[in-house]
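Taking it in order: structure first as C-alpha cells, then the write-up.
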Amino acid sequence: MHTSVTRRDFLRFAGGTAAVAAGLGLIPGLRNNRLLPAQITAAEAAERGPDLYFAGTDGWIYLPPDPPIGQGPVYFPDDLAPNPFNTYIFGFRDITGLDQTQIAKQRMKAQHSAPLFWVNQYNGSNEFRMQLTNLGLQMRPDLTDSHTLHWHGFRNVIPYFDGEPTGSVSVPVGRNFTYVFRPRDPGTYMYHCHVEDVEHVHMGMTGPVFVRPLQNGNTSLYGSGKYVYNDGNGSTGYDREFAMFLSEVWAEAHWCDSHIQLPDWSDYRADFSLLNGRVYPDTLAPNAPIDAAASINSLAVLRNGDGELQTNPNYAHLQYQPLSSLVTCRQGERVLLRFVNLGFREASMTLAGFPMRIVGRDATLMRGSDGSDTSYETDTILIGAGESFDAIFTAPAFSGGSGSSGQGYDTYVLYNRRLTQVANLAAGGFGGQRTEIHVYPNGALAAQKYPNDWGV
Ligand SMILES: [Cu+2]
C-alpha cells in the first residue's frame with residue numbers, strides 16, 4: 001500500500017491541528033490580567049450565551065457547468081472541487097446548538113449567501129448576541145485570515161462590535177468573539193465579513209439580516225400583524241416575505257483562491273449573478289429542509305448527526321445553497337420582497353406583469369421630513385452594491401393557472417433586466433438572477449412559517 005502525502009495535505013493537517021490547539025471557546029485574551037470595559041461587555045455577553053452562533057470557513061458550491069463559460073475550462077469548473085460541486089467559496093455557517101465535535105466537522109462546509117437571520121427591534125432589554133468562530137480556510141493553510149461580522153448600515157454601532165478590522169477587532173483562526181447589538185432601526189440590512197473585504201465578500205461571506213419593528217403584533221393596522229416598519233398606519237403590512245439576496249461569482253477569482261494564486265481584482269468580470277446564492281433555474285428549487293420550530297432568529301436548516309446541512313432528494317448539489325428564490329402567494333395577498341445587493345455591479349430587478357410599491361430603502365421608511373408618504377410604484381428597481389429595498393406587491397387575481405392545465409397557479413417573472421446578469425452570455429441562457437412568482441387561488445397555501453417559506 002502506498003500513501004503519498006502532498007505538501008497541501010501536510011499544510012492542511014498542520015493548519016487543522018493548530019486550530020484545535022488554539023482552543024475553541026476562548027474569548028479574546030486578557031492583557032496584564034485586566035479587562036477593558038468593552039471586553040467586560042463581551043465577556044458578560046459570552047457568559048449569558050449567544051442568540052446565534054456562526055462559523056466562518058471555506059467550502060464548495062454548485063453552479064451550472066455546461067456549457068462552459070467564456071473563459072474556457074481552465075477556471076471553471078474547478079478541477080479541485082469534490083463531486084457534485086465546482087466552485088470554491090468562503091462563507092458562514094449557522095452552528096447554533098452544535099457541540100464542539102460537530103462544529104469541527106463543519107470546516108470546508110461553508111454556505112454561500114450566509115444564513116438569513118433576523119432580530120427584533122431593541123425594546124430596552126432585548127440585546128442581540130451573536131457569537132462568531134473562525135474554523136480556518138482548509139484549502140488555504142498558507143492563509144491565516146481572520147473573519148468578522150460587519151452589519152452593513154447598522155446605525156448605532158459601537159466600533160468594538162462593528163467588525164471593521166482596521167478600527168476594531170477580528171476573529172483569528174480557532175477563536176470566538178461575541179457581537180452585541182441593540183437594533184433600534186427596523187428594516188432590511190446585510191452583513192458580511194470585513195477582513196480583506198473585496199475578496200471575502202466576493203467569495204461568499206455575505207448574507208441578509210432584518211430588524212423587525214416594535215409595531216409587529218399590532219393587528220388593528222393590518223390583519224397579519226406583520227410590518228416592515230413602525231409606519232403607524234399599516235402601510236407596510238404584509239402577509240408573506242421573501243429575501244432576494246443578490247451576489248456575484250467571478251470564476252477566475254474563485255479558482256485562484258483554491259489554487260493558491262492571486263486574482264487581480266482590477267480584472268473583475270463576474271461570470272454568474274446569483275439570487276439567494278443560486279442561479280436560474282436552481283433559484284426555483286425548494287428551500288433545504290427547514291426546522292420551523294428552531295427558526296427563531298435564523299432560517300434553521302435541518303442538520304444530521306454530524307451537524308451537516310440536510311438536503312432534499314435530488315438536490316444534493318445545492319447542499320450549501322439552501323435558500324430558494326421562488327415566491328408563492330395567494331391572490332390579493334401583500335407580499336414583501338426584501339432586496340439586498342452585495343455584488344459589485346448595479347442590478348436592475350424587474351417584476352413583469354404588475355407593480356411593486358417601494359416602501360423602504362436602506363432600512364428607512366419612505367417618508368418625507370414632514371411625514372408625507374414618498375413610497376412609489378415601479379416595475380424595476382436599480383439596486384447598487386450595498387443597497388437594500390423593501391418592495392411590497394399585491395398579488396393579482398388568480399386567472400385559472402397559466403401554462404399547462406392543472407398547474408394550479410399563475411406564473412409571473414422576476415428577473416434582472418440586464419442581459420449580462422440574467423444569463424451569463426453562454427448558449428442556452430442558463431444562469432443569472434431570475435425567478436418566478438406563483439399566484440394561487442384563495443384557500444391554497446398554508447400561512448408562512450419563516451421567510452421564503454413556500455407554504456405548500
Ligand atoms: Cu472573512
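The values are calculated or read from the model by the stated rules, or taken from the named source; none is laboratory data. Just so you know, these numbers come straight off a predicted model, no measurement behind them. Virtual Cβ from ideal backbone geometry, glycine too; neighbours counted across all protein chains shown. Accessible surface is based on the protein model in full, side chains and every heavy atom, while ligands, DNA and RNA are left aside. Shrake-Rupley method; radii C 1.70, N 1.55, O 1.52, S 1.80 Å.
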What's the whole-number percent of alpha carbon pairs in the stretch 105-191 lying beyond 16 angstrom? 59 percent
Value of [θ]222 nm, deg cm²/dmol, for the chain, DSSP H segments ≥ 4, -39500 (n - 2.57) each, nearest 500: -3000 deg cm²/dmol
Rounded to a whole %, the carbon-and-sulfur portion of the accessible area of the chain at a 1.4 Å probe is 52 percent
Beyond 18 Å, how much of the Cα-Cα pair distribution for the stretch 312-456 remains, as a whole percent? 64 percent
Once the in-chain neighbours fewer than 8 apart are removed, the lysines whose Cα is under 22 Å from Lys449 read Lys226
Can you give the log10 of the normalised intensity I(q)/I(0) at q = 0.11, 0.12 Å⁻¹, computed with Debye over equal Cα scatterers of the chain? -0.87, -1.04
Calculate the all-directions average of the projected area of the stretch 173-246's alpha-carbon convex hull, and give it in nm². 6.7 nm²
Mind giving me the nanometre distance, one decimal, between the label points for Asp370 and Asn230, set 7 Å out from Cα along Cα→Cβ? 2.4 nm
If the convex hull is drawn through the Cα atoms of the stretch 92-154, its volume per residue in Å³: 119 Å³
Furthest towards positive pole of dipole, Cys256, Gly223, Tyr268, structure part the stretch 154-277, Cβ charges: Gly223
Which value, to two decimals, describes the C-alpha radius of gyration of the stretch 355-417 once divided by 2.2 N^0.38 Å? 1.48
How far apart, in nm, are the 7 Å Cα→Cβ label points at Asn442 and Glu196? 5.8 nm
Taking R0 as 22 Å, what's the FRET efficiency between Asp267 and Asp362 from their Cβ-Cβ distance, rounded to 0.05? 0.15
Taking only the alpha carbons of the stretch 233-356, what extent do you get along each of the three principal axes, in Å, biggest first? 53, 41, 27
Give the aspartates and glutamates whose C-alpha is closer than 18 Å to that of Lys105, dropping any in the same chain fewer than 8 places away, or say none. Asp9, Asp58, Asp94, Asp306, Glu308
I'd like the per residue volume of the convex hull spanned by the Cα atoms of the stretch 137-280, given in cubic angstrom. 146 Å³
